[in-house]
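Peer 1: First the structure, then my questions, so here it is.
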Amino acid sequence: METTRRQFVRRAATAGAAAIVAPQALVLPAHGQARRMLRSGRFSDGVISADPTPTSVNLWTRLDEAEGAGRVLLEVASDDDFRKVVSRKEIPTSGAVNHAVKAQVKGLKAHTEYFYRFATDRRDSKVGRFRTAAPADSDEPVRFAYFSCQDWTHGFYNAHEVMLGEDLDFVVCLGDYIYAESYHSRKGGTGVRDDLIGRQAKDDTHEREAVTLQDYRDKWSLYRSDPALRALHQKFPMVYVPDDHEVQDNWSGGEADGGLTPVKQYSAARKRAARKAFYESNARFAGNNGQRLYRSFKFGKTVELFVTDQRSYKADQPCGDAVAPACAELPQPRAFLGRTQMGWLKDGLGASKASWKVIANELMIMPTKVLGDAFYQFDSWQGYPREREELLEHIRARGVKDVVFVTGDIHTFIAGDVRTAAGANVALEFVGGSISSIGLGESDLPVGGGQVIKGNDQNPNTPQVLIDTLRGINPWVDQADFDHHGYGVIEARADGLRSRLVRMETVKRRTRKTRPTTGFTWDVARGQASIKGVNGPPAA
């Protein structure tokens with residue numbers, strides 16, 4: 001290791017002109033600006049690249065078992081042997097930021113593969129790779145995967161193992177990367193591994209929960225102890241926006257009480273701890289736009305990706321967030337994106353020249369209805385019909401074509417048409433299941449009118465008649481799978497788009513076996529506003 005370390009420093013002297021900016025240094029205490037290179041610590045959480053643009057990327061790692069304040073060396077090269085170093089910098093860190101190390105690298109070449117690594121005085125990290133985005137005038141195809149909801153306890157990350165075999169430009173995480181709560185255990189029979197972090201839960205919906213800053217920090221390290229997840233970060237850059245479980249289940253950021261009942265014991269201090277741990281544990285900088293999480297990325301002329309934040313500005317869910325018919329308060333004004341973010345999204349969609357306008361969407365925008373004219377809860381866009389209609393009517397009225405929502409949260413594979421209240425098709429939506437979090441077929445499913453369909457955690461097998469019945473109630477839905485886990489892949493070209501939903505055989509044992517792709521692939525032409533009838537029953 002000492003030989004490698006000396007070679008690392010010697011080669012770094014040949015660094016080129018790319019700049020490394022480390023805003024993290026601005027939030028460290030004065031004593032954190034130590035000049036010495038750290039000698040202790042291990043890179044147990046792996047390495048991460050994030051938010052690729054044609055000329056920049058964010059890079060991250062964290063030192064475990066480090067002592068005191070000091071510096072860590074970052075090296076970026078155009079070859080995996082690090083003979084062509086393009087930039088290097090010593091980055092300060094300390095216990096104040098949980099010994100996180102992160103920086104933004106600028107001045108890179110567009111659509112180019114790079115390699116990076118970190119080092120202390122005695123140890124090197126794993127080597128990560130990333131590809132910068134295509135330049136503004138490029139017609140190159142863009143291929144990315146998207147995923148959400150990777151409950152540590154309920155299942156193994158088999159989907160990440162399969163995702164590693166994909167040829168991707170980047171990966172999008174739509175939230176619930178960690179769960180503040182632990183819902184399953186091996187002793188209870190529904191867990192494949194245990195999460196004992198945090199205090200005993202105060203209600204009966206889960207077993208333990210993160211509350212303190214150290215709890216949330218430990219959660220991030222626990223999840224990244226999974227080798228498949230570390231390998232995914234090591235191979236692909238990620239664009240990530242958190243959802244609710246990174247703080248607390250179903251919290252609404254626009255409410256002082258989080259929109260939660262007193263038994264949930266939400267507090268501003270708890271939210272601050274969760275958000276501090278989030279920024280420490282990811283390549284996103286807290287200083288960027290005052291912690292603003294919504295943002296957009298352009299990948300040549302082919303894709304513009306709009307990353308929305310559907311938690312931070314959100315009002316409380318209406319109708320008790322129950323499985324129930326619409327209540328009197330449903331049509332009332334309430335924030336979902338909030339006025340500033342809504343204006344940003346509408347302006348961006350209206351101005352975009354990209355072939356495909358892709359919205360990274362934490363919560364479903366297609367309505368989900370069950371028996372008795374009941375809605376399946378009100379946490380998603382359907383609980384905020386005024387903002388939903390404002391956005392969709394803007395897309396229709398402005399003639400914005402080729403809008404695609406890629407969605408997480410609901411732990412189910414669903415694909416269909418996004419319609420205005422008047423029934424106009426204005427976009428498509430592909431919901432990518434969950435990596436491991438419990439699905440509808442694995443739990444008891446309320447379907448309205450007091451009826452419940454029993455689930456099977458070990459061998460989910462939702463009757464096809466139920467799928468067909470719910471498709472009839474939701475005529476905009478083309479296809480659905482309640483029983484499996486996985487992710488989605490988008491392959492966008494100047495003249496068309498392919499959407500593929502990748503479904504794992506199981507998450508209860510380690511396997512890379514997937515379900516057939518038949519019935520879960522869509523080829524979409526430019527200007528096509530409906531996929532109803534492609535894999536499911538045709539529109540009535």
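Peer 1: Could you list, in sequence order, all residues of the stretch 220-263 that are β-branched (Val, Ile, Thr) and either buried (at least 24 other Cβ atoms within 10 Å of the Cβ) or modelled with pLDDT under 95 (or both)?
Peer 2: Val241, Val247, Thr261, Val263 - these are the residues of the stretch 220-263 that are β-branched (Val, Ile, Thr) and either buried (at least 24 other Cβ atoms within 10 Å of the Cβ) or modelled with pLDDT under 95 (or both).
Peer 1: Sort through Asn58, Asn98, Asn158 and tell me the only one that's at pLDDT 95 or above and in the same structural domain as Lys298 (by TED's automatic domain parsing).
Peer 2: Result: Asn158 is the single residue among Asn58, Asn98, Asn158 that is at pLDDT 95 or above and in the same structural domain as Lys298 (by TED's automatic domain parsing).
Peer 1: Among Lys298, Lys276, Lys357, which is over 18 Å from Trp381 (Cα atoms), touching a helix residue (DSSP H, G or I) at 6+ places or on another chain (Cβ under 8 Å) and assigned to a strand (DSSP E or B)?
Peer 2: When all the criteria are applied, what remains is Lys357.
Peer 1: Could I ask something else about it? In the stretch 49-67, which residues are more than 19 Å from Arg217 (Cα to Cα) and among the β-branched types (Val, Ile, Thr)?
Peer 2: Across the stretch 49-67, the qualifying residues are Thr53, Thr55, Val57.
Peer 1: Examine the stretch 375-387 for a residue that is more than 25 Å from Phe413 (Cβ to Cβ) and surrounded by fewer than 19 Cβ atoms within 10 Å (Cβ to Cβ), and state whether such a residue exists.
Peer 2: For the stretch 375-387, residues more than 25 Å from Phe413 (Cβ to Cβ) and surrounded by fewer than 19 Cβ atoms within 10 Å (Cβ to Cβ): present.
Peer 1: So which residues in the stretch 63-80 are closer than 13 Å to Tyr114 by Cβ, touching a helix residue (DSSP H, G or I) at 6+ places or on another chain (Cβ under 9 Å) and of a type in the set (D, E, K, R)?
Peer 2: Across the stretch 63-80, the qualifying residue is only Glu75.
Peer 1: For the stretch 502-527, enumerate the residues that are out of contact with any Ser or Thr (no Cβ under 6 Å at 6 or more places or on another chain), of a type in the set (Val, Ile, Thr) and assigned to a loop (DSSP other than H, G, I, E, B).
Peer 2: Thr506, Thr511, Thr517, Thr518
Peer 1: Condition test on Gly320, is it within 23 Å of the chain's Cα centre (by Cα) and more than 30 Å from Ser138 (Cβ to Cβ)?
Peer 2: Here the answer is no, as Gly320 does not meet what is asked.
Peer 1: Does Pro446 fit the bill of being exposed (fewer than 14 other Cβ atoms within 10 Å of the Cβ), at pLDDT below 95 and not small (Gly, Ala, Ser)?
Peer 2: Criteria not met by Pro446.
Peer 1: Just a yes or no: is a residue in the stretch 74-86 crowded, with 23+ Cβ neighbours inside 10 Å and either assigned by TED's automatic domain parsing to the domain that holds Ser296 or within 26 Å of the chain's Cα centre (by Cα) (or both)?
Peer 2: Yes.
Peer 1: Next question. Is it the case that the stretch 318-337 has a residue that's outside any loop (DSSP other than H, G, I, E, B), closer than 21 Å to Arg419 by Cβ, in contact (Cβ under 8 Å) with a residue 24 or more places away in the chain and aromatic (Phe, Trp, Tyr)?
Peer 2: no
The values are calculated or read from the model by the stated rules, or taken from the named source; none is laboratory data. It should be emphasised that the depicted structure is a prediction, and the values quoted were computed from it without experimental measurement. Note that each Cβ is placed from the backbone with ideal geometry, even for glycine, and that neighbours are counted across all protein chains shown.
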